[in-house]
Amino acid sequence: MKVKTRLPHLFMGAGILYFLVPLLWVVIAATKSQPDLLDSPALWFAEFNLFENVGLLFREDDGVYGRWLVNTALYSGLSAVGATALAAAAGYGLARFQFLGKRLFETALLGMIMVPATALVLPTYLILSEVELVDTMWAVILPSLLSPFGAYLIRVYVDESVPVELLDAARIDRAGELRIFWQIVVPMMRPAIVTVFLFTLVATWNNYFLPLVMLSDADLYPLTVGLTTWFNTAQQEAGTRMLFNLVVTGSLLAIVPLIVAFVLLQRFWRSGAAAGALK
């Protein structure tokens with residue numbers, strides 16, 4: 001019996017190590033100079049050069065890393081806000097309103113969830129090229145506004161957590177649909193809204209293929225494409241340019257905003273937000 005109870009803990013420990021070791025390597029590697037990065041043990045510290053690496057990072061190529069960081073924050077922030085707003089409205093509408101073709105819309109929504117996002121990049125490129133939006137910020141933001149998973153998640157959450165009787169009581173009190181949605185439904189959906197926001201934020205922040213296809217101007221690159229460009233340059237010019245340590249340091253700094261977002265928004269993840277709302 002003891003063996004059976006320990007097996008889940010062993011698998012859980014192995015999973016934790018699987019995810020923590022790469023993060024630990026990034027943290028350690030970001031403190032090393034390029035010679036130390038290539039010559040010292042991978043998971044052990046050498047001479048501490050983190051602050052020197054950060055300074056070099058923001059000076060390389062006339063400070064283009066800062067521009068990539070701002071681009072990434074802009075793309076991710078606008079996409080997350082827009083996708084969350086659309087998903088909240090669509091999910092609530094599917095959950096609490098009856099209209100012609102509702103079943104078809106729900107089936108199509110499930111189908112869209114199953115389609116890989118990368119499969120839609122090239123058709124999206126052809127559409128945006130027709131309206132001359134390729135190689136602009138909108139080529140990254142507009143496709144990211146659609147979140148079928150987010151809409152379905154909110155639809156399920158509203159079904160389970162927003163009582164119909166509460167909405168009917170508000171309608172009896174002559175509250176309009178927009179007021180009901182904004183003042184009653186949105187506060188009750190807050191955990192689901194935060195979840196969709198964070199999912200979209202992380203997905204857009206880490207998106208590589210979409211901006212790679214859509215953008216050719218280096219000043220518009222997000223961090224994913226920009227750091228990959230540096231990495232490829234470092235491989236080709238290993239003897240002349242010291243970029244490996246900057247790529248690692250840039251990768252470490254790119255994680256920090258996501259951690260901050262999770263820490264600030266985790267307080268909204270609480271179950272039973274609507275408990276006791278209906279007697």
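Points worth noting:
- Just one of the numbered conditions (1) within 29 Å of residue 187 (Cβ to Cβ); (2) open to solvent by 70 Å² or more (accessible area, probe 1.4 Å); (3) of a type outside the set (D, E, K, R) is not true of residue 151: (2).
- Qualifying positions in the stretch 51-62 - surrounded by fewer than 12 Cβ atoms within 10 Å (Cβ to Cβ) and of a type in the set (Phe, Trp, Tyr): 51
- Taking every residue in the stretch 87-106 that is within 14 Å of residue 147 (Cβ to Cβ) and pairing it with any residue that is polar (S, T, N, Q) and surrounded by 10 or more Cβ atoms within 10 Å (Cβ to Cβ), at least 6 positions away or on another chain, the pairs with Cβ-Cβ distances below 8 Å are 87/147.
- Residue check for residue 136: part of a helix (DSSP H, G or I), among the polar types (S, T, N, Q) and closer than 21 Å to residue 217 by Cα: no
- Screening residue 26 on (1) touching a residue at least 12 places away in the same chain (Cβ under 8 Å); (2) open to solvent by 60 Å² or more (accessible area, probe 1.4 Å); (3) not hydroxyl-bearing (Ser, Thr, Tyr) shows it passes everything except condition (2).
- Residue count for the stretch 29-46, restricted to those that are without any contact (Cβ under 8 Å) to a residue 60 or more places away in the chain and hydrophobic (A, V, I, L, M, F, W, C): 5
- Selection from the stretch 124-155 of residues that are without any contact (Cβ under 8 Å) to a residue 12 or more places away in the chain and of a type outside the set (D, E, K, R): 126, 127, 129, 131, 133, 138
- In this entry, residue 95 is excluded by the filter for residues that are under 16 Å from residue 159 (Cα atoms), in a helix (DSSP H, G or I) and open to solvent by 30 Å² or more (accessible area, probe 1.4 Å).
- Residue in the stretch 103-116 that is touching a Leu at 6+ places or on another chain (Cβ under 8 Å), of a type in the set (Gly, Ala, Ser) and not in a loop (DSSP other than H, G, I, E, B) present: no
- Any hit, the stretch 63-83, residues being surrounded by fewer than 15 Cβ atoms within 10 Å (Cβ to Cβ), among the polar types (S, T, N, Q) and within 30 Å of residue 190 (Cα to Cα): no
- Across the stretch 116-148, the qualifying residues are those that are under 24 Å from residue 73 (Cα atoms) and among the charged types (D, E, K, R), and the one among them that is surrounded by the most Cβ atoms within 10 Å (Cβ to Cβ) is 135.
- Unmet requirement for residue 100, which otherwise passes all of (1) outside any helix (DSSP H, G or I); (2) at pLDDT 95 or above: (2)
- If the condition is being surrounded by 13 or more Cβ atoms within 10 Å (Cβ to Cβ), without any contact (Cβ under 8 Å) to a residue 24 or more places away in the chain and under 13 Å from residue 97 (Cα atoms), then the stretch 159-179 contributes only 177.
- Boolean, residue 7 is without any contact (Cβ under 8 Å) to a residue 24 or more places away in the chain, part of a helix (DSSP H, G or I) and of a type in the set (A, V, I, L, M): yes
The values are calculated or read from the model by the stated rules, or taken from the named source; none is laboratory data. Nothing here was measured: the structure is a model prediction, and the numbers come from that model. Glycine gets a Cβ as well: all are built from the backbone with ideal geometry, and neighbour counts include every protein chain shown. Remember, those area values only see protein heavy atoms, side chains included, never the ligands or the DNA or RNA. Shrake-Rupley method; radii C 1.70, N 1.55, O 1.52, S 1.80 Å.
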